[in-house]
1. If the viscosity is 0.692 mPa s and the temperature 37 °C, what Stokes-Einstein diffusion coefficient in µm²/s follows for the stretch 60-109 when Rh is the Kirkwood radius over Cα pairs?
2. What's the tally of Lys pairs in the stretch 45-181 whose alpha-carbon atoms lie under 25 angstrom apart, where the two lysines are 8 or more places apart or on different chains?
3. Using the per-residue mean of other Cβ atoms lying within 10 Å as a proxy for protection, in what order, highest first, do the peptides 69-76, 80-87, 103-110 fall?
4. Give, in nm to one decimal, the length gained when the segment between Ala173 and Gln126 is fully stretched (0.36 nm per residue of separation minus the Cα-Cα distance).
5. Rounded to two decimals, what is the ratio between the C-alpha radius of gyration of the stretch 118-208 and 2.2 N^0.38 Å?
6. Length gain on complete extension for the stretch Gln181 to Leu103, per 0.36 nm per residue less the alpha carbon to alpha carbon distance?
7. For the stretch 107-159, go through all pairs of different Cα atoms, get the mean of 1/r, take its inverse, and jot down that Kirkwood value in Å.
8. Would you work out what percent of the accessible area of the stretch 138-240, with all protein chains in place, is carbon or sulfur (probe 1.4 Å)?
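The values are calculated or read from the model by the stated rules, or taken from the named source; none is laboratory data. Keep in mind that this is a model prediction, so the values were computed, not measured. Neighbour counts are summed over all protein chains in view; Cβ atoms, including those assigned to glycine, are modelled from backbone coordinates with ideal geometry. Remember, those area values only see protein heavy atoms, side chains included, never the ligands or the DNA or RNA. Shrake-Rupley method; radii C 1.70, N 1.55, O 1.52, S 1.80 Å.
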Amino acid sequence: MQFSNSQRYCFLNAIQDCVRATLSEWFATIPPPSPTELPDTIDCSIPQATEAITPEEREELKVSVKLFICEADLSSIKDAVDKACQALAVSQLDSVIIAPPALPEEESQTLANLQPAWRELEGLVQSHKIATIGTSDLDKELLEQLYNWAQVKPSSNQVNLASCCVMPPDLTAFAKEFDIQLLTHNDPKELITAASFQEAVQESTQDLKVADWRLEWVLRYSIIVKSRGIIKAKGYLVHAKRSSL
């Protein structure tokens, strides 16, 4: 199940509304389905709400993506990048920042946790699906470990404003030395929880067995006009998979 819609419906704290609105609009265009008749994949994107990029304007625009992984299945990274390229009508994304699945409160992020996802991203850089790749919420020690290990070095690292009001000096110094751009963000650990997703689906249609669907990833894209530094469009893709019956 794939949902896509434009920023006009979606704000950071309202992705649940985005899913609800997109599903409602999509289901209004088709005959009422039976849960037993639904395939494993449903594409319920709203084409007119997605900002496709024309070949003539591609060189003037930068396509930046942040990918929130909700499940451990790393094949979803390539799937998300392919879906974004298809939705925006581009052959390559200019930058992708990865946000791995949230860890339990008692666990800390480690290089071993990051390596499998980073390998997937490196493969997509090597196949020219992505130009640059970045990380989020890594401290200096972990960013240095990733930088030293990686074949394709991180070009950026996002730091959550909720965790620090000022960039840590050691992180700033390391990023400057190795030409890593430090960015800020205020994203929650989960843009939308599994429970919120299922609630949105349930409210949109009484015919869909929401427990059969698992949220796999959420992708946020921004299309930026390079010469002016302004955002031309923003949007989300949300992907869920039906559990095996």
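1. 267 µm²/s
2. Close lysine pairs under the 25 Å cut-off: 19.
3. Put in order of decreasing packing, that is 80-87, 69-76, 103-110.
4. Net length gain for the segment: 14.1 nm.
5. Working it through for the stretch 118-208, the quotient is 1.43.
6. Details: separation 78, 0.36 × 78 = 28.08 nm, distance 2.48 nm.
Gain on extension, Gln181 to Leu103, equals 25.6 nm.
7. 11.3 Å
8. That share works out to 49 percent.
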